[in-house]
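**Q** This is the structure I want to talk about, given as structure tokens.
The values are calculated or read from the model by the stated rules, or taken from the named source; none is laboratory data. What you see is a predicted model, and the numbers here were worked out from it, not measured in a lab. Positions of Cβ are generated from backbone atoms using ideal geometry, with glycine treated the same way; all protein chains shown enter the neighbour counts. For the accessible areas, the whole protein counts, side chains as well, though only heavy atoms, and no ligand, DNA or RNA atoms are used. Shrake-Rupley method; radii C 1.70, N 1.55, O 1.52, S 1.80 Å.
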Amino acid sequence: MEPRNFDGDADRPRPAGAKQTGRVLVIGPYLRVRAGSADAQSESHVQRDAEARLDEAAGLARAIDLVIADAIVAPISQIRPATYIGKGKVEEIAALIKSLDVELVVMDCALAPIQQRNLEKELHAKVLDRTGLILEIFGRRAKTREGSLQVELAHLNYQRSRLVRSWTHLERQRGGFGFMGGPGETQIEADRRLIQERISKLEGELKKVQATRRLHRAGRQRVPYRVVALVGYTNAGKSTLFNRLTRADVQAADMLFATLDPTLRALNLPHGGKAMLSDTVGFISNLPTQLVAAFRATLEEVLEADVILHVRDISHEDAEAQQSDVDAVLRQLGINPDDSGRIIEVWNKIDRYDAEQREELLNIAARRPEDHPAMLVSAVSGEGVEALLAAIEERLAAKRTTLDLSIDAADGAGISWLHRNSEVLAKELHDGRFDMTVRVDETKRDIVVSRFDAVPRVA
């Protein structure tokens, strides 16, 4: 169903014969940004189209198989402390809910607990905000033990703030000891205590997960495999590109948050070297802070990556706004999105452009600064992938040392060690000795120099 604007016309007639089978109403209560306002003038602010925002919210609802009865934009001039939207719009939405026989309302915003409670009372329907909706999606997508722990932790932190006195059972008090004692623990206090106990337990388990991940990373650091991480807005095509680069079979679907649990696979580089490629959870605008915190164990793969591929759906109408959202999350993680030595921008889905549009896109990419290039690829067709692999190899090589050495051909153990612990770029046999050119990580450089009398290659 096409989203429509909702600005005071709830009583307009619906098309004849329209079947009211939907159960969910998606509301986009977006603030009007006035020209000349601080938001409009901010360089970091990228104005997002209201219809595109609403379409994304409807996509989030469909991602957990909710049936959309209608999706409407409800522009607001200011946020109301009690119900987020004004009283008049609440009444109009309540009438629409009744006419559509809707039981669930999705508000594409972050609601305070009191706002959510008040809206449920006024609308006589269950209300779910953007944070709650994303948490529901994550709850369904988590497959691994680690993913489930992280989702549950985020969910409990969200629920803890929602324990307002919405239901009478939360007002009951459990008796204290003896007849003279004061009132016992209220139900809401008991619920909060139980949630806090569970949160503490989950945090302890996640610390063990983080310790295990550190051991895995330490193991990878003992071999010459560097880590390349994919990041990007959800549904930008990261998993499809991951499959194309590694020939893996990770789930890739035209769906928001199709991939949640992290995956690592070996990546073969053009000159025979290898790296580890990590596919991570997609980012999204207004990503709940508790999710960023809860998924820190997963996102540590990004923090530790030598090269980060920022995959963008360049064909999306809100591509610039999506880039801004991803950059904001990277900053939350302590990563500088402008670090050209570490981040490669990948413009994906160029297969959606015709020849003329693609030529224009190439010209735009060519005008970018040399230290901030954009790699144009199609993860579906494979176009541009070879150039991307070469760029990855070049970035990884910049952090490694190239050495020349000569080794006795009879030294099988030494040759084997070099193949295991370095990237062998050239190897020629002369008079019973192998003249070799190898590329090594900084941690192995001194070992190779002292053991094999290697010397740095002169550029």
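**Q** For ASP371, are the conditions met, namely being in contact with a Ser or Thr (Cβ under 9 Å, 6 or more places away or on another chain) and under 30 Å from TRP347 (Cβ atoms)?
**A** Values: in contact with a Ser or Thr (Cβ under 9 Å, 6 or more places away or on another chain): yes; under 30 Å from TRP347 (Cβ atoms): yes.
Yes; evaluated as a whole, the condition is true for this residue.
**Q** Here's a follow-up. Kindly provide the set of residues from segment 427-443 that are among the aliphatic types (A, V, I, L, M) and either at pLDDT below 90 or crowded, with 17+ Cβ neighbours inside 10 Å (or both), ordered by number.
**A** Initially, segment 427-443 is screened for residues among the aliphatic types (A, V, I, L, M), giving 429, 436, 438, 440.
MET436, VAL438, VAL440, listed by residue number.
**Q** If you don't mind, there's one more thing I want to ask. Given the options ARG80, ARG62, name the one that is open to solvent by 20 Å² or more (accessible area, probe 1.4 Å), basic (Lys, Arg) and under 18 Å from GLY132 (Cα atoms). Full working, then the answer.
**A** On the way: ARG80 fails: under 18 Å from GLY132 (Cα atoms).
Criteria check complete, one pass: ARG62.
**Q** In addition: Taking the residues in segment 185-204 that are acidic (Asp, Glu) and open to solvent by 40 Å² or more (accessible area, probe 1.4 Å) as candidates, determine which candidate is modelled with the highest pLDDT. Working first, answer last.
**A** Start the filter on segment 185-204 by keeping residues that are acidic (Asp, Glu), which leaves 185, 189, 191, 197, 203.
Next, from what is left, pick out any that are open to solvent by 40 Å² or more (accessible area, probe 1.4 Å): 185, 189, 197, 203.
Details: GLU185: 53, GLU189: 75, GLU197: 87, GLU203: 84.
Here the residue is GLU197.
**Q** Do you know which residues across segment 348-365 are touching a Leu at 6+ places or on another chain (Cβ under 8 Å) and open to solvent by 70 Å² or more (accessible area, probe 1.4 Å)?
**A** Within segment 348-365, LEU362 is the sole residue that qualifies.
**Q** Now, a different point. Only one of these is in a helix (DSSP H, G or I), touching a helix residue (DSSP H, G or I) at 6+ places or on another chain (Cβ under 9 Å) and closer than 30 Å to SER340 by Cα: VAL424, VAL438, VAL448. Name it. Even if it seems obvious, please write down each step before you answer.
**A** Values: VAL424 fails: in a helix (DSSP H, G or I); VAL438 fails: in a helix (DSSP H, G or I).
The conditions single out VAL448.
**Q** Next question, about the same structure. Being polar (S, T, N, Q) and modelled with pLDDT of 50 or more is the filter; apply it to segment 130-184 and report the residue that is nearest to ILE64 (Cα to Cα). Walk me through how you get there before you give the answer.
**A** Let us first name the residues in segment 130-184 that are polar (S, T, N, Q), namely 131, 144, 148, 150, 157, 159, 161, 166, 168, 173.
Still in the list and also modelled with pLDDT of 50 or more: 131, 144, 148, 150, 157, 159, 161.
On the way: THR131: 14, THR144: 18, SER148: 16, GLN150: 19, ASN157: 21, GLN159: 19, SER161: 23 Å.
Checking each candidate, the answer is THR131.
**Q** Tell me, which helices (runs of 4 or more DSSP H) lie completely within segment 17-120 with 3 or more residues that are modelled with pLDDT under 90 and of a type in the set (Ser, Thr, Tyr)? Reasoning before the result, please.
**A** Working: elements: 38-41, 50-62, 87-100.
Result: empty, no element qualifies.
Residue by residue, here is whether (1) more than 29 Å from the chain's Cα centre (by Cα); (2) under 19 Å from THR234 (Cβ atoms); (3) of a type outside the set (Val, Ile, Thr) holds:
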residue	(1), (2), (3)
GLY86	yes, no, yes
GLU92	yes, no, yes
SER99	yes, no, yes
ASP108	no, yes, yes
GLN115	no, no, yes
GLU120	yes, no, yes
ALA125	yes, no, yes
THR131	no, yes, no
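**Q** I'd like the full set of residues that are open to solvent by 10 Å² or more (accessible area, probe 1.4 Å), over 12 Å from VAL281 (Cβ atoms) and not in a helix (DSSP H, G or I), limited to segment 126-142.
**A** Result: LYS126, LEU128.
**Q** Also: Go through (1) outside any helix (DSSP H, G or I); (2) under 30 Å from ARG400 (Cα atoms); (3) at pLDDT 80 or above one by one and return the number of the condition PRO224 breaks.
**A** (3)
**Q** A follow-up question, please. Take the residues of segment 366-425 that are touching a residue at least 40 places away in the same chain (Cβ under 8 Å) and small (Gly, Ala, Ser): which is surrounded by the fewest Cβ atoms within 10 Å (Cβ to Cβ)?
**A** Residue satisfying both the conditions and the ranking: ALA398.
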